[in-house]
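To start, the structure under review is shown below, and the notes come after it.
The values are calculated or read from the model by the stated rules, or taken from the named source; none is laboratory data. Worth saying up front: this structure is predicted, and the values here are computed from it rather than measured. No Cβ is skipped: glycine too gets one built from the backbone with ideal geometry, and neighbour counts run over all protein chains shown.
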Amino acid sequence: MQEPEMFEPLISYLKKQGYIILQVNRGKQPGPDIIAEKDGRKLIIEMKGDSAAIKTDWDTGLGQLLNSMKNEKADYAMAVSEKYEKLVRNFPSYPKKKLKLTFFMIKEDGRVIKI
């Protein structure tokens, strides 16, 4: 699934979870791809879709997410297509817990799985 196709399933999922969507950047502006809020806490999301360079895009997405970590009162997540599943599942638990990272995988059928 390409990144532009991933926005609507993820936005719909977030809304069903009670989030308000504050900002959506579909790759044209600098900054996170989606900023949502729930219970006064922001969720900053970087997205990566299918590409010929999955590992490079994964590393880039993590770097972008780390660079956006400026607010202790925010949570951070990366949303990826299912082609990133092995990278998500093999991501070390220590930095995931320490940084409080959430991963969302968006399946080809539009389902969103929180990992």
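The numbered conditions (1) under 25 Å from Asp109 (Cα atoms); (2) at pLDDT 95 or above; (3) surrounded by 12 or more Cβ atoms within 10 Å (Cβ to Cβ) are all true for Lys38 except (1).
Let's see how each residue does on (1) crowded, with 16+ Cβ neighbours inside 10 Å; (2) assigned to a helix (DSSP H, G or I); (3) not hydrophobic (A, V, I, L, M, F, W, C):
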| position | (1), (2), (3) |
| --- | --- |
| Phe7 | yes, yes, no |
| Ile11 | yes, yes, no |
| Leu14 | yes, yes, no |
| Gly18 | no, no, yes |
| Gln23 | no, no, yes |
| Gly27 | no, no, yes |
| Pro30 | no, no, yes |
| Leu43 | yes, no, no |
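Scanning region 77-98 for residues that are within 14 Å of the chain's Cα centre (by Cα) and either in a strand (DSSP E or B) or surrounded by fewer than 14 Cβ atoms within 10 Å (Cβ to Cβ) (or both) turns up Ala77, Met78, Ala79, Val80, Ser81.
Restricting the first member to region 96-113 and to residues that are in contact (Cβ under 8 Å) with a residue 60 or more places away in the chain, and the second to residues that are small (Gly, Ala, Ser) and assigned to a strand (DSSP E or B), the beta-carbon pairs closer than 7 Å and six or more apart or on different chains are Phe104/Ala77; Phe104/Ala79; Ile106/Ala79; Ile106/Ser81. From the list Leu101, Leu65, the lone residue that is within 21 Å of Pro4 (Cα to Cα), in contact with a Leu (Cβ under 9 Å, 6 or more places away or on another chain) and surrounded by 11 or more Cβ atoms within 10 Å (Cβ to Cβ) is Leu65. Every test in (1) farther than 20 Å from Glu8 by Cα; (2) surrounded by 11 or more Cβ atoms within 10 Å (Cβ to Cβ); (3) acidic (Asp, Glu) is passed by Glu72 save one, and that test is (2). Residue selection: Asp50 satisfies the criterion of being in contact with a strand residue (DSSP E or B) (Cβ under 7 Å, 6 or more places away or on another chain), crowded, with 16+ Cβ neighbours inside 10 Å and closer than 19 Å to Met1 by Cβ.
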